[in-house]
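Everything below concerns the one structure shown next.
The values are calculated or read from the model by the stated rules, or taken from the named source; none is laboratory data. Note that the structure is a prediction, hence the values are computed from the model and not measured. Heads up, the Cβs are rebuilt from the backbone with ideal geometry, glycines too, and the neighbour counts pull from every protein chain shown. Accessible surface is based on the protein model in full, side chains and every heavy atom, while ligands, DNA and RNA are left aside. Shrake-Rupley method; radii C 1.70, N 1.55, O 1.52, S 1.80 Å.
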Amino acid sequence: MTIFYQSTRGKAPELDLRGVTLTGLASDGGLYVPKNWPEFSVAEILAMKDQTYLQTALQVLKPFVTPAIPEVDLKRLLQQAYATFTDPAITPLKQLDDRHWVLELFHGPTLAFKDVAMQLLGHIFEYFLNQGGERMTVIGATSGDTGSAAIAALAGRRNIDVFILYPNKGPSDIQRKQMTCVDAQNVHAVAIEGSFDDCQAIVKAMFNDERLRTKYSLSAVNSINWLRILAQMVYYFVAAAKVGAGKPVSFVVPTGNFGNIYAAYGAMKCGVPVSKLAVASNRNDILTRFFNSGLMKPDGVHSTLSPSMDIQISSNFERLLFDLCQRNGAKVEALMNDLKNENEFKVAPVQLGDARQIFTAACADDALTLKTIQDVYAESGYILDPHSAVGVAASRILERELPDPVISLACAHPAKFPDTIRRAIGVTPEVPPQVAALMQKPERTTLLPATIQAVEQFMSERVSL
Ligand SMILES: *Cc1c(COP(=O)(O)O)cnc(C)c1O
């Protein structure tokens, strides 16, 4: 049975997998969610304990993607996507103590969990474009991490050009080199003489320009893309089967845009036995406050040691809100309008109660993040990156609320944040060899002024339409 997708605001047309993959945001401003979740039995999930990552991925994704992608093709796309991972388990588990595991999501080419979804998305984009004889231009603004994951995923893909705009003085050395040392004709790293906000403003302006959008078939690979969520659901099946062996598990997820933890929720909806899902935030604790009060109220972004979680509004939260509103798009739209017009919304006590049946939340500031890196290193010799440390800190704060076993997600490799790690434990984490090799390659980038004209001119020279 084919799974169709509906918008959280209820007005956009329903789409199939190909449609949601290539569309992104729904035309009514909502996000696409599946109309129904396929169910996996406890026995099926238990059997995943002895399967490879690719076998489980094939089994989990199959009901969502067939018939748009036939099983034989899906199998090949999965093999290609995960061939770039350096650990044979793709997302290996490490035990910290008798009740606590870490699920490592950072063995892809850019050392952060975004690779798990982005690598597959790159291949599936190419697959759908080839089918229709189409091409597209992916454009994005980045302060560092998302841009490099997009470049690593799209480098060398046919019929796709990718332009990533970053602030000339913004990214760290390693982040910049992950964008500029990639040797592929279709990759265009662009240093903008300006801030991240300038980069984002140019990208938004280009999307809002109907002429440019059509001429270049502009597309984004941002975190609201359904396929990214779907690809992330797989490792929750893998981890629950291996650690829980049929018993419910708790997951602790360092959260920014709510994409990763929504994938956990999706896995639960498909039958993965879950006791609790814990949202971990840094000082930007809007979600922790929401799960305690039912009030969603942004109060400004603070820079922290875990920059990928420095957010105001978590865009994927709307997908959960849709279920809290009993899948009533008009109610979601009313709440999102409150947020836009009054800078806050509040859900009813019964909705908060529903949310708290499944979710709990805690936050850790920079001091606690550093202390957690220290403590875990002293206890077990394991080095957490600052994002993963926020998760482990939250799991300790919530210890009494989280039934055993607890699985914390490790979202980035510590080598991506050498300064923070040195500050915490005085040790410089080793850069994995494949990334060290990339760092030696010549950099390729173009410096442009912060104007839409300059970027379009550059685009027209590089893209053959
Ligand atoms: C993107 C990211 C996060 C936040 O994940 P969301 O899906 O946006 O909630 C956390 N840690 C790292 C390292 C990331 O790159």
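For this structure, a couple of remarks:
- Part-to-part distance (alpha-carbon centres) for region 372-407 and region 125-162, which is given in Å: 35
- Here region 192-256 and region 417-465 have alpha carbon centers that stand 19 Å from each other.
- Greater than 18 Å apart at Cα, pairs in Lys62/Lys242; Lys114/Lys204; Lys62/Lys269; Lys204/Lys416: Lys62/Lys242; Lys114/Lys204; Lys204/Lys416
- Rounded to 5, the percent of DSSP beta bridges in the chain classed as antiparallel: 25
- Computed lengthening from Glu44 to Ala220, 0.36 nm per intervening residue step minus Cα-Cα distance: 59.8 nm
- List Met296, Met268, ordered by accessible area with a 1.4 Å probe, largest first: Met268, Met296
- Taking the 1.4 Å solvent-accessible surface of the chain as the whole, the part contributed by carbon and sulfur is 51%.
- Taken per residue, the accessible surface of the chain reaches 39 Å², heavy atoms only and a 1.4 Å probe.
- Along region 2-11 the Karplus relation, 6.51 cos²θ - 1.76 cosθ + 1.60 evaluated at θ = phi - 60°, assigns HN-Hα couplings of 6, 8, 9, 10, 10, 7, 5, 9, x, 10 Hz to successive residues, with x for each Gly and Pro.
- In region 130-216, the trypsin sites (Lys or Arg not before Pro) that fall in loop regions by DSSP, at most 15 other Cβ within 10 Å: Arg158, Lys169
- Helical segments meeting 24 Å axial Cα length and Kyte-Doolittle -1.0 threshold in the chain (DSSP H): 114-132
- Mean residue ellipticity, 222 nm, helices only, the chain: the sum of -39500 (n - 2.57) across DSSP H runs of n ≥ 4, divided by residue count and rounded to 500, is -13500 deg cm²/dmol.
- Net charge, Asp285 excluded, C-beta distance under 12 Å - Lys, Arg +1, Asp, Glu -1: 0
- Percentage of interatomic Cα-Cα distances in region 74-194 larger than 25 Å: 29
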